[in-house]
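This report concerns only the one structure given below.
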Amino acid sequence: MRFSGLRVLKEGLTGNRGWTPHWRDPDPNSDYDVVIIGGGGHGLSTAYYLARDHGITNVAVLEKGYLGGGNVGRNTTIVRANYFLPGNSEFYSHSLKLWEGLEEDLNYNVMHSQRGLINLFHSDGQRDAFARRGNAMLAQGDDAVLLGRDELRPMLPYLNFDDLRFPIYGGLYHPRGGTARHDAVAWGYARGADRRGVDLIQNCEVTGIDIEGGAVKGVQTTRGAIRAKKVAMVVAGRSSQVAALAGMRLPIESHVLQAYVTEGLKPCIDHVVSFGMGHFYISQSDKGGLVFGGDLDFYASYAARGNLPGVEQVMEAGMALMPMIGKARVLRSWGGIMDMSPDGSPIIDKTHVDGLFVNCGWNYGGFKAVPGSGNVLAHLIATGTHHQNATGFRLDRFRTGRGIIDEEGKGSQHNLH
Amino acid sequence: MRIPCPLCGTRDRREFWYRGAAVDLERPAPDAGVEAWDDFVYLRENPAGPTRELWYHEGGCGAWLVVERDTVTHEIGRVALASEERS
Ligand SMILES: Cc1cc2nc3c(=O)[nH]c(=O)nc-3n(C[C@H](O)[C@H](O)[C@H](O)COP(=O)(O)OP(=O)(O)OC[C@H]3O[C@@H](n4cnc5c(N)ncnc54)[C@H](O)[C@@H]3O)c2cc1C
Ligand SMILES: [Zn+2]
C-alpha cells in the first residue's frame, strides 16, 4: 500500500474501506541474523537501515509491549542540530539531514515541521556563549542566526522581554529546527522495516541473553528462545536491566522527565522556544495544544510520572517567560524514563561480548536522534566499524577519561545533567 | 514525595538535594585501580525497585542521609544518618 494524495482522496470518497494494516504481526522464527531488543524509535530505525542500506533483512525487532509505546511516544518532539562539541555536532547534523528526506524515503507523513527553534539568552555572557555555539553550527554546515532583541520582538511578541530578573537580550535562531509527529515516526519506520522483510514482534519481552565462549548466541524471551548471530540492545529507559542480562553494568542512571500539554488553542506560538534561565521550552502542536517541559525531577525513577515540585518549577518558568500561558488550561501531563549518562551524551558501541551491541544514554534528546542513531548503529552492526559521524559515542570513555562529550560543561558525573 | 529526616522529621522533597546511589559510603582506596574507580564513579546498578541513596538535607539540618526508596513506586523506607551508616 503506497500513500499518496490521490489515494487519500479516493479512500475519503469510498468510506476509507481500502486501508490495510501497516505491518504484519508475525510469530517469531527460531533464528535471525540480527535481533534488535526494543521497538522504540531507535530500534525500529536500526532495523529499517539494516534492510535499506545493508541488505540485511533476516532481522527481528523484539518489543515487550507495543511498537512506539515507550519514550518515542512520550517526548515533546523537538528536532534540532544545534550542538557544539565534536562528537555530537557531526552526529546530530547527520541525523537532521536524514529527517529532511524522511517522509519521501518512508512514504509516510511524519509531519516534520521545520518551524525554527530559538534559544533565548538573558545576559552578555550568555550571548557570547550562544554566538560561539552558532559559529560551531555554521562550521558544521548547519544554520544559525544570532538575533538581537529588536529582531526577536516581531517574531515572538508574546514574550516578557523586560522581566526584571531575566530580561531577554536576544536568541540563537536555528531555522531548520522544529518538531515532528512522534508516533508517526515510529509507525513510519515500522512499516518501512516490515515492507523490507523485518519481523516486528510485539508482546515479546527479552528475559535472557545467551552468551557462549564470549560470543552472543541469541536471546530468551517470553515467546521462547530465539537464536541470533548479532543482538543489539536498544531499550531506552530499561538499558541497565537489559544490559544486566549480559552481565554488564552501564554508566547510566534512570530519571523521570515530565511534559505537559494544554487544551487546543488557535495558533499563537509559531516556533520552538527555549528559556535561557531556568529550564523551560515550548512549541504548539498541530492540534493547537501548547506542548512544554523543563528539567528532570532529579532523582532516580522508573515511575512514568513525576512529583509536584517538578510541575511547579516548570509552570513558574513558563509564567516568567510568557505570562499569556497562564490563561491556558493544562490538559494532561506525563513522565518518561530517561537514560542519563554521566556526560549527558549517548552511547552507541560494541560490548565485551562478540556480536552484542549497545545503544543507550539518550538523556533528554533521543527523539531527534532517531534517524541518525538507527543509521549509524545499522552501520556498526553490518560492517563492524563505527560510522564516520558517530565515532565518539564510546562505552569506555568514562573508564579511560578519553573523549568525554560534556556538551553543557557541567562535569562528567551522575546527576549533573 | 516526603522524606522523614531522623533529625528534623518528615519534610517536603524540595528541602533535599539528591546525590545518587549510596556508593560514596564505600569509597575505594586511592590506589585501588582503574576498574574499581570506574565502578565507583560511573557504573551503576540502577535498579527498578528498592534502592539505597544519598540525600542531603540542605534546606534543613544539613545532614547527609541514607534513604531507602523504591524507584518504581517512589515509596520511601528506612532513612538513617549517613555518618552512622558508614562501615
Ligand atoms: C517527557 C519527555 C520529553 C522528551 N522530549 C524530547 C524532545 O523534545 N526531543 C528529543 O529529541 N528527545 C526528547 N525526549 C527523549 C526521547 O523521547 C528518547 O530519548 C527516545 O525516545 C529514546 O529512544 P527510543 O525511541 O528508542 O525509546 P523507547 O520508545 O522507550 O523504546 C525502547 C523500547 O524498548 C522496549 N523494551 C524495554 N525492555 C525490553 C525488553 N526486556 N524486551 C523487549 N523490549 C524491551 C520498551 O518497551 C520500549 O518500547 C523526551 C523524553 C521524554 C520522556
Ligand atoms: Zn534534617
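All of the numbers you see were taken from the coordinates with simple rules; none came from a lab. Everything numeric in this text was worked out from a predicted model, so none of it was measured. For neighbour counting, all protein chains shown are included, and Cβ atoms are generated from backbone atoms with ideal geometry for every residue, glycine included.
Worth a mention:
- Taken over segment B:2-85, the convex hull of the Cα atoms encloses 92 Å³ per residue.
- Pairwise centroid distance, computed over Cα atoms, of segment A:1-61 with segment A:173-212, Å: 9 Å
- Listed by chain and number, the lysines placed with their C-alpha closer than 30 angstrom to that of residue A:230 are A:64, A:97, A:217, A:350, A:368; residues fewer than eight positions away on the same chain are left out.
- Neighbouring partner chain Cβ atoms per residue of A:245-256, average, 10 Å criterion: 3
- For B:69-79, mean number of other protein chain Cβ atoms within 10 Å: 3
- Relative contact order [Cα under 8 Å, 6+ residues apart], segment A:74-180, whole percent: 41 percent
- Across segment B:2-85, C-alpha contacts under 8 Å between residues 6 or more apart give a mean separation that, scaled by the residue count, equals a relative contact order of 30 percent.
- Peptide A:293-304 shows a mean partner chain C-beta count of 5 within 10 Å per residue C-beta.
- Only Cα pairs under 8 Å and 6+ residues apart enter the sum, and on that basis the relative contact order of chain A stands at 22 percent.
- Computed extension length for residue A:139-residue A:25: 36.5 nm, one decimal, from 0.36 nm per residue of separation with the Cα-Cα distance subtracted.
- Whole-Å distance, taken between Cα centres, linking segment A:243-277 and segment A:332-401: 17 Å
- Here the sum of -39500 (n - 2.57) over DSSP H runs of 4 or more residues, divided by the residues of the protein assembly as shown, equals -7500 deg cm²/dmol at 222 nm, to the nearest 500.
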